[in-house]
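The values are calculated or read from the model by the stated rules, or taken from the named source; none is laboratory data. Nothing here was measured: the structure is a model prediction, and the numbers come from that model. So basically every Cβ, Gly included, is an ideal-geometry build from the backbone, and we count neighbours across all protein chains shown. When the accessible area is computed, the model is the full protein with side chains, heavy atoms only, and any ligands, DNA or RNA have been set aside. Shrake-Rupley method; radii C 1.70, N 1.55, O 1.52, S 1.80 Å.
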Amino acid sequence: MAGLRAYTPDITGIIGVTDSGRSTGKIRIALDVPAPGDIRNALAVLAEGDAVLTRLMAHRFETDKSEELNGMAFGNLFLAALTQQEGSFLRAVEEASRLLKLRGRVLPVTLYNTHLCAELADGRVVEEEVQVRAVGKAAIKRLFLKDDNVTATPGSVEAIAAADLITLGPGSLYTTVAACLLVPEIARAIANASGVVAYVANTTRQPGQTDGMDLADHVRVVQDDLGGSGLDVALVNDDTPPAHLRTHYAERGLEYMEPTGIELEKIRSLGVRPVTAPVIDKWSGPRDLWLKQDTIRHDAERVARALIALVDERRRPALRAL
C-alpha cells in the first residue's frame, strides 16, 4: 500500500485480525476486540493527516513499572477505546481513518474476534496465532479459524469485485496471507475476481511457519486457499540480495529462496504465471524489531512499479499481426 498510494487514492487494505501476540494480544484479552495491531499499521501507511497523530499511532510505551503497559502500542489502545465509544470495531476503524485523513480505505477482514488455529504434521492442534507461528514445533498441516461461520466485513467483497488489482502479501504465508483467505467470502471473491490477482512471494523461509518450503510451495498454499484456482501471478524477486544480508538472515533460520528455473516451472505447473522483478530492499540492512522476526523485506516503490506493470499489461489492447 505504501508504494501503490503514489499511483492512486483508490486503495482498500483488507487486513487480518487474528494476531494474538505482544500488545495486540493483551488488548484482545482485556477488551474483547479483534486484533488491532495490523489495522493500526495499515492506517499509518495510508495516513495523510497530522504527522504527530500518525507517529503517535505507532508509539510504544517504555516503562519498567508496568509489565502490561511496557511495549504497548498507543494506536492499539486508541482503536480499542474508539470501539467502546462507537460500539463497533468497524466504526472505530472508520473514525480513525477520518482523523488520520487516509488516502484510501482500511477494512478488517472480519469483525469476528476469532483466533487462528493449526493442525500440525504430528497430529497436535495449536490455538492462537502466537502458537501457530511458534518456532520448533512440527510443520503446519492445516490452518483453520476457531469459530465457524466467520463472515467478511461489509464492503470488503464489493471492493475485491471492483478492483483492477488484488494483491496478496507480502507477509507471513500462514499468519498474514492465509489467515485472511480463511474467511470463505474473501477467498471466493478473490477466486472470482475480474482484476489481476497477484501474490507477492516471500523472500525467505520463516522459522515456525515455512521451514523447508520453497517458492512453489508458498504459491501452492495460496492457490489451495483460493479453492485451487484464481491466482493469476506470483511476483518473485530476481535481484539477489548482498551476501552479508543473506548470511545474516540464514544464521537466524531465514534462508533466501532462489528463483531458479526449476522453481519457476513448478509455479507454472500450478496454473500460475511467475513474474520476476527486482522488488527487494537491498540497502536498509537488518532491523532490531520488538519481539518479531526481521527478514529480507520488499521495497515499496519497486513492488508498486512491478504491480502497476501487471495492470498496464492487462489493459493494453492486444496487437494483431497482419
Binned Cα-Cα distances of the stretch 1-129, short to long, each 10 Å bin given as a whole percent: 13, 41, 31, 12, 3, 0
Rounded, prolate or oblate (a/c below 1.5 giving rounded, otherwise prolate when a/b exceeds b/c) for the stretch 129-259 by Cα gyration tensor: oblate
Given a cut-off of under 8 Å on Cα pairs at least six residues apart, what relative contact order in percent is computed for the stretch 93-244? 21 percent
Report the residue, chosen from SER229, SER156, SER269, that carries the largest GNM mean-square fluctuation when the chain is represented by alpha-carbon nodes joined by springs under 10 Å. SER269
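Rounded to a whole number, what % of the accessible area of the stretch 154-297 do carbon and sulfur atoms account for, probe 1.4 Å?
In the stretch 154-297, the share of accessible area belonging to carbon and sulfur is 50 percent.
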Please find, in a Gaussian network model of the chain (springs between Cα atoms separated by less than 10 Å), the residue of GLY37, GLY208, GLY285 whose mean-square fluctuation is greatest. GLY285
For all pairs of alpha-carbon atoms in the chain, what percent lies in each bin of width 20 Å, listed from the first bin to the last filled one? 30, 62, 7, 0
Built amide H within the under 5 Å cut-off of ASP299, gap 5+: ILE280, ASP281
Given labels modelled 7 Å from the Cα in the Cβ direction, how far is it in nm from ARG315 to ALA2? 2.5 nm
Go through the stretch 88-95 residue by residue and turn each phi into a ³J(HN,Hα) via Karplus (6.51, -1.76, 1.60, θ = phi - 60°); whole Hz please, and just put x for glycine and proline. 7, 5, 5, 5, 5, 5, 5, 5
Taking square-rooted eigenvalues a ≥ b ≥ c of the alpha carbon gyration tensor, is the stretch 145-195 rounded, prolate or oblate, where a/c under 1.5 means rounded and, failing that, a/b exceeding b/c means prolate? oblate
Please work out whether the stretch 211-255 counts as rounded, prolate or oblate from its C-alpha gyration tensor, where a ≥ b ≥ c are the square roots of the eigenvalues and a/c under 1.5 means rounded, while otherwise a/b larger than b/c means prolate and anything else oblate? oblate
With unit charges on the beta carbon (Lys/Arg positive, Asp/Glu negative), name the residue among MET257, THR240, ALA152 whose Cα is farthest towards the positive pole of the charge dipole of the chain. THR240
Can you give the charge dipole size of the stretch 74-220 about its Cα centre, rounded to the nearest 20 debye, using +1 on the beta carbon of Lys and Arg and -1 on the beta carbon of Asp and Glu? 260 debye
Contour excess over end-to-end distance, with Cα ends at THR63 and ALA243 and 0.36 nm allotted per residue: 61.0 nm
Could you list which residues have their amide H under 5 Å from that of LEU165, counting only those 5 or more apart in sequence or on another chain, with H placed in the peptide plane? VAL196
Rounded to the nearest 20 Debye, what is the dipole magnitude of the chain about its Cα centre when Lys and Arg each give +1 and Asp and Glu each give -1 at the C-beta? 500 debye
Can you compute the helix-only [θ] at 222 nm over the chain? Use -39500 (n - 2.57) per DSSP H run of at least 4 residues, normalise by all residues, nearest 500 deg cm²/dmol. -10500 deg cm²/dmol
Normalised by the residues of the chain, what does the relative contact order come to in percent, with Cα pairs under 8 Å and at least six apart? 15 percent
Non-local residues with an amide H under 5 Å from the amide H of LYS141, with H modelled 1.01 Å from N and Pro and chain starts lacking one, are GLU119, LEU120, ALA121
Not counting the cut sites, what is the longest span of the chain without trypsin sites (Lys or Arg not before Pro) that DSSP labels loop and that have at most 12 other Cβ atoms within 10 Å? 125-286
Could you give me the ³J(HN,Hα) list for the stretch 51-66, computed from phi with Karplus coefficients 6.51, -1.76, 1.60 and θ = phi - 60°, whole Hz, x at Gly and Pro? 5, 5, 5, 4, 5, 5, 4, 8, 5, 10, 5, 10, 7, 9, 8, 9
Calculate, for the chain, the solvent-accessible area per residue in square angstrom, rolling a 1.4 angstrom probe over the heavy atoms of the protein chains. 49 Å²
